[in-house]
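Worksheet: the structure to be examined is printed underneath.
The values are calculated or read from the model by the stated rules, or taken from the named source; none is laboratory data. Everything numeric in this text was worked out from a predicted model, so none of it was measured. All Cβ positions, even for glycine, are placed from backbone atoms using ideal geometry, and neighbour counts span all protein chains on display. Remember, those area values only see protein heavy atoms, side chains included, never the ligands or the DNA or RNA. Shrake-Rupley method; radii C 1.70, N 1.55, O 1.52, S 1.80 Å.
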Amino acid sequence: MSEKNTYLPYLMTIDKVIKEAPGVKTYRLKFQDESEAAAFDFQAGQFGEYSAFGEGESTFCIASSPTRKGYIECTFRDTGRVTSGMASLEEGSTMGFRGPYGNVFPLDEWKGKNLVFIAGGIALPPMRCVIWNALDLRENFKDITIIYGAKSVNDLVYKEELKEWADRPDVRMVTTVDPGGQTADWTGEVGFVPTIVETVAPSAENTIAIVCGPPIMIKFTFPVLEKLGFTDSQVYTTLENRMKCGVGKCGRCNVGKLYICKDGPVFSKAELNFIPAEEY
Amino acid sequence: MSKIGVFICHCGENISATVDVERVAREIGGMEGVAHAIDYKYMCSDPGQTFIKEAVKKYGLDGVVVGACSPRMHEPTFRRACAEAGLNPYLCEMANLREHCSWVHEKSEETTEKAIDLVKMLVEKVKKDKPLESIKVPVTKRALVIGGGIAGIQASLDIANTGHKVILIERDPSIGGHMSQLSETFPTLDCSQCILTPRMVEVAQHPNIKLYTYAELESLEGFIGNFKARIRLKAKSVNYSTCTGCGACIQKCPVKKIPSEFNAGLGTRTAIYVPFPQAVPNKPVIDRVNCNYYKRGACKICEKTCQVGSIEWDKEDEIITEEVGAVVLATGFDVKGTDFFPEYGYGKYKDVLTGLQFERLASASGPTFGEIRRPSDGTIPKKIVFIACAGSRDPAKGIPYCSKICCMYTAKHAMLYQHKVHGGESTVFYMDIRAGGKNYEEFVRRAIEEDTVNYVRGRVARVYEKDGKLIVKGVDTLLGGQQVEIEADMVVLATAGVANCGSEQLAQKLHVSYDPYHFFAEAHPKLKPVETNTAGIFLAGACQAPKDIPETVGMASGAAVKVAALFSNDELVREPIVAVVNRLAPPLYSTCVGCFMCETACPYNAIEHEEIKGRDGSLIRTIARVNEGLCQGCGTCVAFCRSKSIDIQGYTNEQVYAEVMSLLND
Amino acid sequence: METKYISQGGMAQWFESIIASGKRVYAPVNSRGQVDFKLVKNLSEVADDYIQTTQSIKASVYPKAEVLFTYEKDHGKVNLSDFDPETIPETVLWKVHPCDAAGFKPLSAIFNWDSADKLHNAHLVKTSVISFSCAKADQSCFCTSVNGSPGNTAGSDIQLTVLPDGGAIAEILTPKGEALVALLPPVFEAERGDKKEQYLVDLPARFSLEEVNAKLNKAFNSTVWKEQSERCIGCGACAFVCPTCACFDIQEDVHGSKGRRIRCWDACGFALFTLHTSGHNPREHQSQRWRQRILHKFSYMPDRLSVVGCTGCGRCSRACPVDMNILEHITSIAKQ
Amino acid sequence: MKKLRDRVAALLDEGAVSLVIGYEEGTKRPRPLFCRNSESSGKLIFDSRCFHNLAVYVTKKELVGKERFAVTAPISTLRSILQLYVENQLSEEKLLVLTVDLNGELREFVTFEEISAYVAQFEMKRGEREQEILSKIEGMTREERWKFWMGEMSHCFKCYACRSACPLCYCTKCVVEVNRPQWINPWPSPISNMEWHVNRAMHMVGRCTACGACGDACPVGIPIDLITRKMMEDLAPEFGYIPGQPAKQGNALSSWKLDDREQFIR
């Protein structure tokens, strides 16, 4: 039988290491096998299981855009056994990757609409994928607004890209840090993401909001969007639950009947209304 | 950590003569995560350190392992080098290839392989190292000196004279210690009390010294710079603030037959007493064990005698707490009694004395006012025998060490005898004469040559009584082991100097280590002779080992300087090798479940209770927290924590595990 | 499908021929006061008088711990060695109860949802199941309430129904079953017209699955979970003895440069099962975990995999240290 | 029984407690019952068949809430409650303890001191089962014992029922779940099962009160309780405390005294 072993990862080489923030790194991974690289494809919103051999697997979204071919990127914080194992690797080292898994952001459906991306802290990576995807297909969309906040200036990730986005004439970029997290030379906003959203978000008219962040941020941002006139089908988010397999078998990530690994991780707020909020 | 630099030191030939250092560097260089590995003749030298610094910069090293000597020797050196190159010093580790490998093994393949293993372990450890910051703690600039003998007196005065406050505690009613008991001192034969008493008075009057006599240390908590000493002030039964020291009570006290400690049991004292006339403070205490009132509930003659009403019958021991930044241990020594020697009559012959008792006989303040008279009948001994090395250098007696002072004081004793008893005959049995010290050898020669003391090299097998005479049976090894038998009127044993009674308990209270003979252990026999292994606690005098007065005074001054140096800083910098209880984001807060088994296990009382409270102020959980000032990084709590919620920074479970696994995984 | 008769002696001969064929044979063995499946060589080792093995036969196709693949690291490079299905020996499971055999289907449904599970399938292919219908049941048994029966042939390659004479009705159900018969065809005699039902234990159904399913669809926020789960102590005994529980963990076993990735049993009842690294736990309380267990088996699986995740074997009730009786709990939900 | 039910009903009605943890008839034998109102107190039973160690619930915050609660405790539960108190897991203000004594009288304990005094009347003895297996094990050589236990451990599948049933296994993260470093391999295998059980035993030193809950809970019948029971029996004379009566402070492995013999490290 020549069935493929789902759990056997692709071997990837760490091509580039970017230090984003204290404990946060982005790795650019390239396939070691040319044919695997050629056959590989994914869409914005999908995730994978990343291996640090010797420590185990961890789940992250693919942080790079599907429009950028030949590599994938992941951004992670050194918090546990696997991520600390990953953090100790360097350029040229081998990692494993299984994926892509999960569903995708419906960028095709969003053609001709305004997009507002709302992200907090380390939750920018899943967003970054879709931001770049949208920016690379800029002509498909109308206004693009990015609202990104972190605890402090130091905690902002993708600093270079934030600058790049801010400098682009076709993007409205708003960065904010929590009160107390600002530095002397900070020129961005100061305030929690939901508060900032309320003041800077574009009109709900023909706009899709993509929200990504810690549960508490999502919890407080949704009502703000509702107040601004966004309907449930105009709001998208991506969920994270603990996963082991990534393919609907290990039994961890389901929220009610839905499995984040298979039915998600991308959900519209309309879909979220049908699953129990306490399970994510 | 994945760009690790490894530096293998030859230590001249100390390592390279037995270990193939090139091979160690070569093989380690091939390890995963090692970016650079070299060997060099002297890694600790300037060029050696430069190699490290340059490599840190050139290869962007994020960890350094130096395979060299012991971390105790050069860890600060290499850590400093790393720090200068911009690497956190705690990302530098040492593998001890000298003491742990080259010095203890023959040159062989296995020795080199062991060296490789040792370095490999540290490479695995350093991969898991985290940058650490030193801990800063404030310093209380007040010293506690324990023991009011010459060591304690000298240390107190020296510290006090640097402008810092000193608390001096003494177990006995007076300071002065053994030196106050001595008659005259070698090699100058000046009067011991004459040179000591001015110092005693100076202590009593010094504005920076607070003197507590009749006091003992109850407990010591805390750590360098921040000790808390609980001191028991034993009840003196006399109010010192009103007592004038007139001495009337002493004269009237009906209990007069108590053997005097000051006179080494040769004289007597009363139940209310001042140990000796020059005592500081010169005020009496009541010895409750022997006092009629305390024993039988009646007497109170002293109270009737006292003009100022200073007797306090109901006074109880008082415990006071003093905060101090440093402690000097100067608790001195003791000498073995004659009862330690079955071969010399178990102490049952009254005219067999210890050296200390002879000092009292020879002292003008002694029971015989300086005349050498037999305790048995008060006659002047015509023939006297001194036995050196009584107990010392005798493994069979459990005292293999040399007591150091006996050769000199025996010579002095013989000399004093010859001076005081004209026509007397003195004989000294000795093993060797150890007279190292300025003018010491000359002093001994003077005893032999000018004062005609008869020195017999040999040991005394027995002393026994026959017809009122003491028969000393020994051999003269210089006469070919010939048996000698001397009839003597008095025998003086230069009994061994031993640790003071209670020194073991005191050491445990203070967490200082001690040697098998209960003398306190110095931190390094050569380079840290006045430090103990517990930071902030120093040693002075014979509590560390028997020593003579000049040496004691020198050491006391040394300890005082250490204290003064410590007090010259407002803050102390400590190694961050302390235990830490993990903290996590809510709702977990910590994996600590607050069972506080660690608290019962911690020898340093470093575990505190930390209450985690919700936003509304309600108590969520109580967990353990380590006081990083008190923590000594011993790891007992770590071993004991069931949920593995505590780790030692720099020696985390993960690091130690990685080290062990690097060996097991071959 | 073919039905035959096999005599007691014939059964013994056939058993010997199976052993002789070199296949591994697992059968219930009574030792240490417990009956459980063990590797056997002789029919005499097989336990006789018992209701149910403590553990299900699940481990034969879903081992407690199984190596997914191995690897070797070499200076930043990694060489992978895939799991090799050829390493799995031919296995015969002897005297499996119908409720255990029925467990293969839900187990496979989970493992093969969306993507095929190479390891599980490799075990399935190499495993033949000889089930024995049930003549006895106890108060924990409820196969008839979950679409099963004491004579359910689902999941079996051959089912034997033991007759009073010691012989048995042999239902040869699959090609794998036929292959086993082929090891010693003569002992399989023509059937004698015995009525199988006559020899099965009578076990009335206690609830209707449809009813339960309908109730559960609306029960997510019910207080019943908290009420039922109060005494649950959160161990994994129920999950580990269950023939259909498939939750697993993936772990790393590493020795120096060599490593193995291992899949091992896990249980949704464990407090840390869903704990995020951040400390957030979507199923923080035992009541949520109990709800997950019940909903998964009786609602999510039927809805998403079209198979019920319970075979009514009753093992979880027997194994539970605090008498979390699933039959009692499901019945009470059905009646609410 | 009536007295107990009445008293519990009264306590709940008065609002003196918000919950009473007790026993009810189960499908196989009595099982834990959580009475939150006086009606359910009618289900309460308390007899010699009630041996679940209810102390396992008293540390579960989600169950007992913030208000005062009560537990009906047979002797084994009382012992565990005392140990939990020593380990700072319980407070007297929150917990009311009820028991029925040998004369059938209902007793209430408000302070742990009272429980301690009550428990002191009961000597800790081996039951028939313990005696039978332990005397067999005690007769074995070291090698035979290892073989015996490895044989038992090979049946363990790490469901952690032993841990879950034990009132003293209240850690929120067990050592077996700690993965930095991974002390114990989390999957079942004879040696890693042994590692787990040895670890658990070590964590029970001086703490186990030999209630037997772990052994009783084991679905695969490993007499796991005997390890910690035997350890408790051996430890008690060495460290001078009475089995089943928790030491007031610390425990065997963590407490030391100035006069402890320490010749062995000289």
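Points to keep in mind about this one:
- Within this structure, C:Trp225 passes the test of being more than 14 Å from chain B (Cβ to nearest Cβ) and more than 24 Å from the chain's Cα centre (by Cα).
- Region C:250-269: number of residues that are away from chain B (no Cβ under 14 Å) and either farther than 30 Å from C:Pro98 by Cβ or among the basic types (Lys, Arg) (or both): 5
- Filtered residues of region D:155-209 (kept if part of a helix (DSSP H, G or I) and either at the interface with chain C (Cβ under 9 Å from one of its Cβ atoms) or among the polar types (S, T, N, Q) (or both)): D:Ala161, D:Cys162, D:Arg163, D:Ser164, D:Ala165, D:Glu177, D:Ser192, D:Asn193, D:Asn199
- Look at region B:374-389: where a residue is in the same structural domain as B:Leu493 (by TED's automatic domain parsing) and outside any strand (DSSP E or B) and a partner is open to solvent by 30 Å² or more (accessible area, probe 1.4 Å) and of a type in the set (A, V, I, L, M, F, W, C), sitting 6+ places away or on another chain with Cβ atoms under 9 Å, you get B:Arg374/B:Ile380; B:Pro375/B:Leu266.
- Test: residue in region B:520-532 that is at positive phi and open to solvent by 60 Å² or more (accessible area, probe 1.4 Å): no
- Residue count for region A:1-26 satisfying the condition of being open to solvent by less than 60 Å² (accessible area, probe 1.4 Å) and either away from chain C (no Cβ under 14 Å) or more than 19 Å from C:Leu80 (Cβ to Cβ) (or both): 8.
- The condition of being part of a loop (DSSP other than H, G, I, E, B), open to solvent by 20 Å² or more (accessible area, probe 1.4 Å), polar (S, T, N, Q) and touching a strand residue (DSSP E or B) at 6+ places or on another chain (Cβ under 6 Å) holds for B:Asn290.
- Candidate set from region C:254-268 (those that are in a strand (DSSP E or B) and free of Cβ contacts under 8 Å to residues at least 12 places away in the same chain); member that is nearest to the chain's Cα centre (by Cα): C:Val254
- Being open to solvent by 50 Å² or more (accessible area, probe 1.4 Å) and assigned to a helix (DSSP H, G or I) is a condition met by no residue of region C:58-79.
- Residue within region A:39-50 that is open to solvent by less than 40 Å² (accessible area, probe 1.4 Å), among the small types (Gly, Ala, Ser), farther than 30 Å from A:Val153 by Cα and modelled with pLDDT of 95 or more present: no
- Qualifying residue in region B:589-601 (condition: in contact (Cβ under 8 Å) with a residue 40 or more places away in the chain and of a type in the set (S, T, N, Q)): yes
- Flag if B:Lys397 is of a type in the set (D, E, K, R), more than 28 Å from B:Gln505 (Cβ to Cβ) and at pLDDT below 95: no
- Out of B:Val475, B:Val498, B:Val491, sole residue that is open to solvent by 20 Å² or more (accessible area, probe 1.4 Å), in contact with an Asp or Glu (Cβ under 8 Å, 6 or more places away or on another chain) and part of a strand (DSSP E or B): B:Val498
- Each residue in region B:627-666 was checked for being of a type in the set (Val, Ile, Thr), more than 14 Å from chain C (Cβ to nearest Cβ) and open to solvent by 20 Å² or more (accessible area, probe 1.4 Å), and 3 of them qualify.
- In region C:207-222 there is no residue that is modelled with pLDDT of 95 or more and touching a strand residue (DSSP E or B) at 6+ places or on another chain (Cβ under 7 Å).
- Here A:Trp132 passes the criteria (1) open to solvent by 10 Å² or more (accessible area, probe 1.4 Å); (2) not in a helix (DSSP H, G or I) except the one numbered (2).
- Any chance C:Thr331 is in a helix (DSSP H, G or I), among the β-branched types (Val, Ile, Thr) and touching a residue at least 60 places away in the same chain (Cβ under 8 Å): yes
- Of residues in region B:539-597 being open to solvent by less than 40 Å² (accessible area, probe 1.4 Å) and of a type in the set (Ser, Thr, Tyr), the one farthest from the other protein chains (Cβ to nearest Cβ): B:Ser557
- Any hit, region B:77-88, residues being assigned to a strand (DSSP E or B) and in contact with a Lys or Arg (Cβ under 9 Å, 6 or more places away or on another chain): no
- For region C:274-314, a residue qualifies if it is of a type in the set (Asp, Glu) and more than 14 Å from chain B (Cβ to nearest Cβ), and exactly one does: C:Asp303.
- Residue match in region D:114-130 (condition: of a type in the set (Val, Ile, Thr), in the same structural domain as D:Asp6 (by TED's automatic domain parsing) and either free of Cβ contacts under 8 Å to residues at least 60 places away in the same chain or more than 27 Å from B:Gly594 (Cβ to Cβ) (or both)): yes
- Test: residue in region A:81-91 that is within 12 Å of another protein chain (Cβ to nearest Cβ), surrounded by fewer than 23 Cβ atoms within 10 Å (Cβ to Cβ) and within 30 Å of A:Gly229 (Cα to Cα): no
- Residue count, region C:37-57 (criterion: without any contact (Cβ under 8 Å) to a residue 40 or more places away in the chain and either among the acidic types (Asp, Glu) or open to solvent by 40 Å² or more (accessible area, probe 1.4 Å) (or both)): 9
- Residue list for region C:116-143, restricted to those being within 14 Å of another protein chain (Cβ to nearest Cβ) and open to solvent by 30 Å² or more (accessible area, probe 1.4 Å): C:Ala116, C:Leu124, C:Val125, C:Lys126, C:Asp138, C:Gln139
- All conditions but one from (1) open to solvent by 60 Å² or more (accessible area, probe 1.4 Å); (2) touching an Asp or Glu at 6+ places or on another chain (Cβ under 7 Å); (3) not in a loop (DSSP other than H, G, I, E, B) apply to B:Asn605; the one that does not is (3).
- Number of positions in region B:502-519 that are open to solvent by 20 Å² or more (accessible area, probe 1.4 Å), within 26 Å of B:Arg393 (Cβ to Cβ) and either of a type in the set (S, T, N, Q) or not in a loop (DSSP other than H, G, I, E, B) (or both): 3
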